[in-house]
Amino acid sequence: MTPRAIVAGAVAAKPGNAGGVWERLSCAEGLRRLGYDVTFLEEVSERPSAAAEAWFSTSMREFGIREAAMVARDGWALGGDRDGLRRSIGDASILINLSGNLTSPDLLEAAPQTAYVDVDPGYTQVWHADPSIPFTVPRHDHYFTIGENIGRPGCPIPTGGLLWKSTRQPVLLDRWPVSPPPRRRRFTTIASWRGPYGPLVHDGVTYGQKVHEFRRVIELPKQLDATFELALDIHDADARDRDALRSAGWGLVRPDEAVPTPNAFRDYVQGSDAEFSVAQGVYAHARTGWFSDRSTRYLASGRPVLVQETALAVIPIGEGIVTFRSLDEAVDGARRIIDNYQVHSRAARAIAESCFAAERVLARLLADVGLAPPNPVS
């Protein structure tokens, strides 16, 4: 009998977020390739809009997810009744809860084994450890984070009494093949100017948002004979920042126009020569070892990434991945990529294959919870 895995994550809750679809459904598809029957489950606070339901259904079809369901906390369900969902969860070998999307105790308790996967390292742990914040990581059997330094010396983020194991963002290599770059010296990224959370305060230190990190390198385009473009979600209230970016030479496009679907997201990445991006303040300055899901897709496509230093300790950097801590280092890193592009391009793909291939990442996660996939990684 084929074993079953449940993946819980937010898709309908974020209609139009094509990068989020790649993140959640790459996990589901990676488990399927390892030999599991996979059900994708999303918990929503209330019945979603017709547009959100359509986004959910279209995303599942695009990734070939045949078994998918949504459930609301008031009992409404799409794709199966609540009792049926409990039975399906109870028959699974593992429930992987991405960012803790699933919160209903009756559904979590139905699973023989649960794994919480944190993709916001720093935020999750600080909120959990602070009794004044109404947030707690629910009880799971295992806790994973993409912040590879959480719980290690040199990283000040609290563990909150939880044993955090490291994992990585899985990428489906065949869906992100290497393609010839445009060779226009075009650096891009897809980003939110502020992100969903405000500044984070821990132990007397305030960690800012992406806006604060971008401001530190805003003069970058003026220093180089290259194009820098952001598919940037920026609010009208930040018009002064938007104008400053344009004055400094940044090209700005709207994400809802540039990357409205998962395929358009891939086309945008592969229409670039490389990525340039900063990180949320806590990812970088707390030395979490965080690495972006989006950046893994640039790497897989053979696109080098120039990204802010987060104290990556195990993933190789220097070729393919170039990191910076200041404007001067960003300028130097961009020149290194431009001047030796083919070496960086080959290294980018090699890193994706060795560090982020979905089957490898998920086989390691399963091994860490004591499971062996039916289709072992060769």
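Values quoted throughout were computed directly from the atomic coordinates according to the rules given, and no laboratory measurement underlies them. Just so it is clear, the structure is predicted and the values come from calculations on it, not from any experiment. Cβ coordinates were reconstructed from backbone atoms using ideal geometry, including for glycine residues, and neighbour counts include every protein chain displayed.
Loop-located chymotrypsin sites (Phe, Trp or Tyr not before Pro) across region 94-146 with a Cβ neighbour count of 16 or fewer within 10 Å are Phe135, with loop assigned by DSSP. Segment Asp328..His212, full-extension length gain: 40.1 nm, with 0.36 nm per residue of separation and the alpha-carbon distance subtracted. Restricting region 43-108 to GluC sites (Glu not before Pro) that sit in a DSSP loop and have at most 13 other Cβ atoms within 10 Å of their own Cβ leaves Glu46.
Between amide H atoms placed 1.01 Å from N, distances below 5 Å from Glu219 occur with no residue 5 or more places distant or on a separate chain. For region 18-34, 3J(HN,Hα) computed residue by residue from phi via the Karplus equation (6.51, -1.76, 1.60; θ = phi - 60°) reads 5, x, x, 5, 4, 4, 6, 7, 5, 5, 5, 5, x, 5, 4, 5, 7 Hz, glycine and proline entered as x. List the lysines whose Cα sits under 22 Å from the Cα of Lys210, skipping any in the same chain fewer than 8 residues away. Cross-link targets: Lys14, Lys222. Among beta bridges identified by DSSP and lying wholly in the chain, the antiparallel ones come to about 10 percent. Rounded to the nearest 5, what is the percent of antiparallel bridges among the DSSP beta bridges in region 174-355? Beta bridges within region 174-355, antiparallel portion: roughly 15 percent. Distance from the C-alpha centroid of region 227-242 to that of region 55-95: 36 Å, rounded to the whole angstrom. When peptides 195-205, 318-328 are sorted by average Cβ neighbour count within 10 Å, with the highest value leading, the order is 318-328, 195-205.
Using 0.36 nm per residue and subtracting the Cα-Cα separation, the extra length available between Asp339 and Arg184 on full extension is 54.5 nm. Couplings 3J(HN,Hα) for region 41-56, derived from phi with the Karplus relation 6.51 cos²θ - 1.76 cosθ + 1.60 (θ = phi - 60°), are 10, 10, 9, 10, 6, 8, 4, x, 5, 4, 5, 5, 4, 5, 4, 4 Hz, where x marks Gly and Pro. Restricting the trypsin sites (Lys or Arg not before Pro) of region 86-159 to loop positions (DSSP other than H, G, I, E, B) with no more than 13 neighbouring Cβ atoms within 10 Å leaves Arg139.
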